[in-house]
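Structure, as structure tokens:
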Amino acid sequence: MIELTPFLKKLLGLPGLSAYETPVREAIAETWQPLVDELMVSRVGSLHGLKRGVAPEPRPRLLLAAHMDAVGLMVSGIVEGFLRITEVGGVDNRILPGQLVTVHGQRDLPGVVVQPPDFLLPLEQRGKPVRREFLLVDVGLTPDEVGKLIRVGDPVSFAQQPFELPGEALVGHSLDNRASVAALTVCLDELQHMVCGWDVWAVATAQEEETFLGAYTSPFDIRPNMALVVDVTHAKGPGGNDYRTYGLGKGVVLGWGPNIHPGLHKAVKELAERLEVPFQIEPMPRHSGTDAYAIQITAEGIPCMVLSIPLRYMHTPVELVSLKDIYRTGHLLAEFIARLKPDFIQKVTWEEPS
Amino acid sequence: MKPKQQSVTRLPLIGARQVALLEKLSNACAVSGDEGEVRRIVQDELKSVADEMKHDALGNLLVIRKARTESFLKVMIAAHMDEVGFMIVDKEEGGLFRFEMVGGVSKSHLAGKAVWVGTKHHYGVIGAKAIHLISPEELKSPISLENLRIDMGPGGSDHARVGDRATFATTFRRVGPSLIGKALDNRLGVATLIELVKHAPMHIELQAAFTVQEEIGARGASVAAYALQPDLAIALDSTPAYDLPDWDGQENTRYNTRLGFGPAIYVADAGTISDPRLISFLVATAEQYRIPYQIRQPGGGGTDAGAIHRSRAGVPSVSVSIPGRYAHTPAGLCRISDWRHTLALLYHALQDITPSILETERRMP
Amino acid sequence: MKELIRKLVESVGPSGYEHIVRDVVKDEVAPFADELRVDALGNLIVRKGVRKENGLRVMLSAHMDEIGIIATHIDENGFIRFTMVGGVFPRNCPGGRVRFMNGVQGVIGTERTESVDKAYMIEQLFIDVGASSRADCPVKVGDVAAFDRPMLDLGNRLVAKAMDDRISVAAQIETLRRLSDTPHEVYFVFSVQEEVGLRGATAAAYGVDPDVGIAVDITMTGDTPRGMKMEVALGKGPAIKVRDGRMLSDPRLIRHMVETAEKAGIPYQLEVLEGGTTDASVIQLTRAGVPAGCVSIPCRYVHSPSEMVDIRDVQHAVRLLLEILSNPIPL
């Protein structure tokens, strides 16, 4: 039985920007090693873990996907020992001033994002949120030393360390989407004690935040018969309480829309009802904004379902989730997978359940 | 490339039966991601003439008419089944429901309309605040989506659920030389493709792809093309005709296409630069059989060809559309003659096409 | 090499209509190619080398197409309305000259606006080819044209339209010519329709199915007055791309390219470009994934009719590509 909180905190303490996922991938691989039969790295850096099923060949394949990359920054220029930055993934500029960061140059260097005083900025910036092109990172070294240790293109990650809050909550900079990786891990752990017919491919995808690179390429390799994608969604909180947000700690969020196979949605929902796992429904009128967007149209098409974990303050270093929701998601996944009969996919039709 | 042989079978016509089928298709509700109602109609029409028929993981309906000759071209024709519409996203008090748009519904056409919601087509309205209650200032700004709801009636809470789709409640009708209905984009294409399958020639493999989710990014077409691996492809769609008078009598130079001028052949839209070999073949066919045609003005818009031509190692593609006014609004309008000529053009093109069309590499003739 | 560059940049080949450029390239590479074919979208794919034990299948890609315009309407007086093919800036158009695929030349005129200071919108522009009516206009709806300028040789600096990306096409041809000993099976792809969405490379990469992909394209510079803030400059060597608007290069490839350049004493720069992308971004997404990177040639005034490059950067780019291709690529 794996210890969820220490595992997740370890992941949250590691950098792993899109395209630079190696540190977090290695930590995940270490934990998945005893839980799967085979472990390999894709050509572009995604982690594939295969847990073989017991059904006779040709055995159907399930893809279980959660992206492991995190958003952050990158050095785009050096001026007088200060670093200019660009973003990796979508970052709200307004949370940057004063953020503690780590610059991954020749070695890891601590730094802080600084907002220059007004008189050093163009007139039209005064009184407004400062555009990222005017923000700088100060690593506290002389321009000479900076020139030796840091180059254009070096990744910069948020340095916020994770911590727990009362109410079984966890705060960290890349809970999007390491919370989902943790849910996958909970699932794999539970599957140790269950018999599955299907082959399960647990995949920690690369570069979701930038290009969906992992999501376009891993399914091409694996050719699963269907895919379950785990990501995070917006939890109700300060500044965001409308219909597009979901209760924190109130259960797994099940996606619905053109990106999701209605038969798959129905099967997952019915199981959640039967097992009394609390859940909420998220309408996704156009696309899911997750790896499922890429996976669904790989090759001849793959039926997809999206399960989401509610999270506050997405894409900031102080993201917040309920650990209960992570457990629920992992548990629901394991129960669903264990019950899959080999002919499930033939039985699941596209006709919308009425 | 000159068409090689004259057609031998009979040219399919647009008669009462075809219009009745279009009526059924137009009145059906099939918002992107929820195409079942149209899919079932197409299945019914073609099950007795198809050599192969199957659904795929996204709900595309793929219908094959195999060739009866030794060597043959694989020709894919794609017509999308989905229409733009709405999805219910939140339930409020007293039969009111918040909604979001699916696909490019024209925002200025929402208020004061009736809608059909869900598989049972329950009636609802997108109401607008009465003019008596609106200040002159307010009248000048567009109505914001924030303030619009679908009203199912005070006792209508059970008639809709979060996740249900909705469309404008427009009933199809014929008016002289024209047809009025919702979703003429692309039920016209679907109806035309049904006729082409029924009259397919013997010397090609006709891959009729009734696709899904075109309006939200040609999603269905991309997986259909991957599975079918055609030699070439034609996207059969409907494109806007903006052929209205200019406000001060100047020449309208941005009409896109015009009603009454026949099928619109695409040179380029935002998603595809058509293969010049296919353009010249279609133009030559139209001229040979004296079918009126027009060149759609290059620029914006897209069709399933945008996804198909980039599939695998590339597929030579072109799009052909039936012009229609007021697309993506409650009531589209088209001319039966344009529909008839589009069917004729594609029928003859399929009859006369041969593998020699791809003999030269892609270039202008 | 300057003559080759001149021949390439002065050809007409907007996206979708690259065959004139393709014919020029074919003539240049045919004597050096092991294998040569044109695919369904018009990409020219040239193979050189056979894969050895420590070798990979490498795909290089430089795009043949340029931005241009396409006729949308011929009015009753023979004036031609148009829209863009690829990223044309309307502000670069007034007074410009164009040449259609059929050879017809013309000038871009403007409607009268309230003030001469306002920027034009494309709807306010038209082309005058000297016709006096729709009937005698030699251009029809759907015809495409490219901007028309002869190349300017300023010594080390060369100026022309379509440096994006004919300069890379030239560099790729030169690399193909001089490549003698390689452990790799190398596919030199001269791609189509990059400017309208990287369409040619998408199909070409699927067809070639490479182990690694390297695009050769231009990139912007930060070395002009009050220009964009960017570290890349003309004359400081080819740029090794770390990221651009739609892609993060594979870090292993970046590291290898940097080491190769340093070992061979080739000057180089590191590139972070905000906005804009290259064929590498779609090669990366092909099939089960392809580690990809890009060697960029710095270029000023991109997408204007007078793009400027430094010939020394081009020569160093060729050297860098040859060094990379002549040795194993560790992944």
Worksheet entry | Tilt relative to chain C, helix C:199-208 - C-alpha long axis, 0 to 90 degrees, to 10 | 30 degrees
Response to the item:
Sequence order, the stretch A:94-109: Karplus ³J(HN,Hα) from phi using 6.51 cos²θ - 1.76 cosθ + 1.60, θ = phi - 60°, Hz rounded, Gly and Pro as x, gives 6, 9, 7, x, x, 6, 7, 9, 10, 9, 8, x, 4, 9, 6, 10
Worksheet, complete the sentence: Mean per-residue count of partner chain Cβ within 10 Å for A:243-253 equals 1
Worksheet, complete the sentence: Protection proxy (average C-beta count within 10 Å per residue), highest first, orders A:218-225, C:197-204 as C:197-204, A:218-225
Worksheet entry | Ordering of C:150-161, B:287-298, B:321-332 by burial proxy (mean other Cβ atoms within 10 Å per residue, highest first) | B:321-332, B:287-298, C:150-161
Worksheet entry | Three-way shape label, the protein assembly as shown, alpha-carbon gyration tensor, a/c 1.5 | rounded
Item to complete: Hey, for a label at A:R339 modelled as a point 7 Å past Cα toward Cβ, could you say which residues of the stretch B:152-170 have their backbone N under 11 Å away?
Response: none
Item to complete: Please give the helix B:184-198 orientation as an angle from the longest Cα principal axis of chain B, in degrees from 0 to 90, rounded to the nearest 10.
Response: 30 degrees
Fill in: chain A - share of DSSP beta bridges that are antiparallel (%, nearest 5)
60 percent
Practice prompt. With runs of 4+ DSSP H residues as the only contributors, calculate the mean residue ellipticity of chain C at 222 nm using -39,500 (n - 2.57) per run, divided by the residue total and rounded to the nearest 500.
Written response: -7000 deg cm²/dmol
Response to the item:
With R₀ set to 30 angstrom, the calculated FRET efficiency between the beta-carbons of A:D242 and A:L121, to the nearest 0.05, is 0.30
Discussion item. Per DSSP helix of 4 or more residues, -39500 (n - 2.57); summed, then divided by the residues of chain B. What does that give at 222 nm, rounded to the nearest 500?
Written reply: -7000 deg cm²/dmol
Practice prompt. Mind jotting down the distance between the C-alpha centroids of the stretch B:277-317 and the stretch A:202-237, whole Å?
Written response: 35 Å
Worksheet, complete the sentence: Note: probe point = Cα of A:R52 + 7 Å toward Cβ; backbone nitrogen < 14 Å; residues of the stretch A:15-37 passing the test are A:36-37
Fill in: the stretch A:80-158, relative contact order [Cα under 8 Å, separation at least 6], %
44 percent
Worksheet entry | Radius 10 Å from Cβ of A:G153, net charge of other residues (Lys, Arg +1; Asp, Glu -1) | 0
Discussion item. Using only Cα atoms and rounding to the nearest 10 degrees, what angle (0 to 90) does helix B:16-27 make with the longest principal axis of chain B?
Written reply: 40 degrees
Worksheet item: Among B:225-234, B:88-97, C:103-112, what's the highest-first ranking by average C-beta atoms within 10 angstrom per residue?
Response: B:225-234, B:88-97, C:103-112
Fill in: Distance from the stretch C:71-85 to the stretch C:170-216 (C-alpha centre basis), Å
36 Å
Worksheet item: Among the lysines, which fall within straight-line cross-link reach of C:K161, defined as a Cα-Cα distance under 19 Å, with same-chain neighbours fewer than 8 residues apart omitted?
Response: C:K2, C:K7
Response to the item:
With Cα springs under 10 Å, the Gaussian network model of chain B assigns the largest mean-square fluctuation among B:D246, B:D51, B:D275 to B:D246
Worksheet item: Looking at chain A, do any whole DSSP H helices span at least 18 angstrom along their long axis by alpha carbon and average -0.5 or above on Kyte-Doolittle, and which?
Response: A:175-191, A:262-275, A:323-338
Worksheet item: For chain A, modelled as a Gaussian network with Cα springs under 10 Å, which listed residue fluctuates most, A:Q125, A:Q296, A:Q99?
Response: A:Q125
Discussion item. For the stretch C:1-138, what does the relative contact order come out to in percent, with C-alpha contacts under 8 Å and a separation of six or more?
Written reply: 20 percent
Discussion item. For a quick check, take a GNM of chain B with Cα springs below 10 Å and name the residue from B:T119, B:T239, B:T257 with the largest mean-square fluctuation.
Written reply: B:T119
Worksheet item: Averaged over A:149-161, how many beta carbons belonging to a partner chain fall within 10 Å of each residue's beta carbon?
Response: 3
Worksheet item: Within the protein assembly as shown, what percent of beta bridges assigned by DSSP are antiparallel, to the nearest 5?
Response: 65 percent
Worksheet entry | Tensor-based shape of the stretch C:68-147 (alpha-carbon gyration tensor, a/c under 1.5 rounded, otherwise prolate or oblate) | oblate
Fill in: Relative contact order of chain B, defined on C-alpha pairs under 8 angstrom at six or more residues apart (%)
24 percent
Fill in: Surrounding net charge for B:R17, when Lys and Arg each add one and Asp and Glu each subtract one, Cβ distance under 13 Å
-1
Discussion item. Give the separation of the Cα centroids, the stretch C:249-308 to the stretch B:216-266, in Å.
Written reply: 37 Å
Worksheet item: Roughly how crowded by other chains is peptide A:76-82, in terms of the mean Cβ count from those chains within 10 Å of each of its Cβ atoms?
Response: 3
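Bear in mind these aren't lab numbers, they're just calculated from the coordinates by the rules spelled out. Just so you know, these numbers come straight off a predicted model, no measurement behind them. Here the Cβ is made from the backbone with ideal geometry for all residues, glycine too, and neighbour counts use every protein chain on show.
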